[in-house]
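The values are calculated or read from the model by the stated rules, or taken from the named source; none is laboratory data. The structure presented is a predicted model; accordingly, all values stated were derived computationally and were not measured. Here the Cβ is made from the backbone with ideal geometry for all residues, glycine too, and neighbour counts use every protein chain on show. The accessibility values were calculated without ligands, DNA or RNA, using every heavy atom of the protein model including side chains. Shrake-Rupley method; radii C 1.70, N 1.55, O 1.52, S 1.80 Å.
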Amino acid sequence: MGRALAPRNLPMQRRALQKREMILSVTAKLLGTVGQDDLTTIMIANKTGISVGTLYHYFPNKYSILFALAERWLKEIDRAMDDINNYTLDSTNLRDFTNFSIDRMFTVYTNQEGILPLVQLMSGVPELKSLDEEHDFKISAIISNIFKRLNIASDPVVLTRLATTWLEVTHAENILKKLELPYRVVNLCGGDL
């Protein structure tokens with residue numbers, strides 16, 4: 001049986017929404033510094049400046065907070081994907097589209113504190129993994145449609161493979177850029193991007 005991941009209360013008032021966001025922001029920072037194994041609800045409550053009881057008013061456990069943090073990050077990715085999907089393709093080529101999409105997604109990665117541990121959790125915790133897989137499927141469908149509009153391919157199988165590759169490569173590149181590690185992406189059109 002899985003962990004309870006639903007928040008206890010979905011706040012309606014501004015002050016409660018701000019407190020929930022503060023819990024998520026503090027959790028993201030702690031996730032980046034102490035990691036998931038050492039992260040506790042007591043630590044989150046202390047760093048947020050609230051009691052553990054108040055924290056439990058919003059979230060039943062640590063994994064519920066991490067699930068909400070993942071959902072928040074994925075919503076930011078959705079906004080970026082809307083921008084990417086609305087990118088004017090009429091007078092563009094694959095290189096320009098790729099540069100735009102990578103830059104737009106990098107903004108989302110840059111704004112997320114604790115991104116590496118969060119990504120690791122999303123691939124390791126079953127409840128987060130299913131959320132991640134559903135989201136990846138949605139992104140692949142959008143990118144597949146964009147590649148079709150760019151006349152890269154028409155075969156749905158090829159489009160799906162290309163979209164999945166785009167998803168994995170841009171994800172990896174953005175993680176490397178976020179960690180300020182050397183990276184180099186070579187596109188299939190030839191040359192560095």
Residue pairs within 6 Å by beta carbon, gap of at least six or interchain, first lying in the stretch 60-80 and outside any helix (DSSP H, G or I), second of a type outside the set (Asp, Glu), listed first then second, are Pro60/Ala4; Pro60/Arg8
Count of residues meeting criterion [free of Cβ contacts under 8 Å to residues at least 12 places away in the same chain and either among the acidic types (Asp, Glu) or outside any loop (DSSP other than H, G, I, E, B) (or both)] in the stretch 81-108
4
What are the pairs, 6+ residues apart or on separate chains, where a residue within the stretch 139-167 that is open to solvent by 70 Å² or more (accessible area, probe 1.4 Å) has its Cβ under 9 Å from a residue that is among the basic types (Lys, Arg)?
Ser154/Lys148; Pro156/Lys148
Looking at the stretch 67-90, which of its residues are more than 9 Å from the chain's Cα centre (by Cα), small (Gly, Ala, Ser) and closer than 22 Å to Met22 by Cα?
Ala68
Collect the residues in the stretch 40-59 that are in contact with a Ser or Thr (Cβ under 8 Å, 6 or more places away or on another chain) and either without any contact (Cβ under 8 Å) to a residue 24 or more places away in the chain or surrounded by fewer than 18 Cβ atoms within 10 Å (Cβ to Cβ) (or both), keeping them in residue-number order.
Ile44, Ala45, Val52, Tyr56
Give the number of residues within the stretch 28-59 that are of a type outside the set (A, V, I, L, M) and not in a helix (DSSP H, G or I).
4
Which of the residues spanning the stretch 67-79 are closer than 13 Å to Gln112 by Cβ and either touching a His at 6+ places or on another chain (Cβ under 9 Å) or buried (at least 19 other Cβ atoms within 10 Å of the Cβ) (or both)?
Leu69, Ala70, Trp73, Leu74, Ile77
Just one of the numbered conditions (1) open to solvent by 30 Å² or more (accessible area, probe 1.4 Å); (2) in a loop (DSSP other than H, G, I, E, B); (3) modelled with pLDDT of 80 or more is not true of Tyr183; which one?
(3)
Looking at the stretch 91-105, can you tell me whether even one residue there is exposed (fewer than 14 other Cβ atoms within 10 Å of the Cβ) and under 14 Å from the mean Cα position of the chain (by Cα)?
no
Hey, does the stretch 3-23 have a residue that's at pLDDT 90 or above, closer than 24 Å to Leu131 by Cβ and over 20 Å from the mean Cα position of the chain (by Cα)?
yes
Looking only at the stretch 112-129, decide whether some residue is within 24 Å of Glu180 (Cα to Cα), charged (D, E, K, R), modelled with pLDDT under 90 and open to solvent by 70 Å² or more (accessible area, probe 1.4 Å).
yes
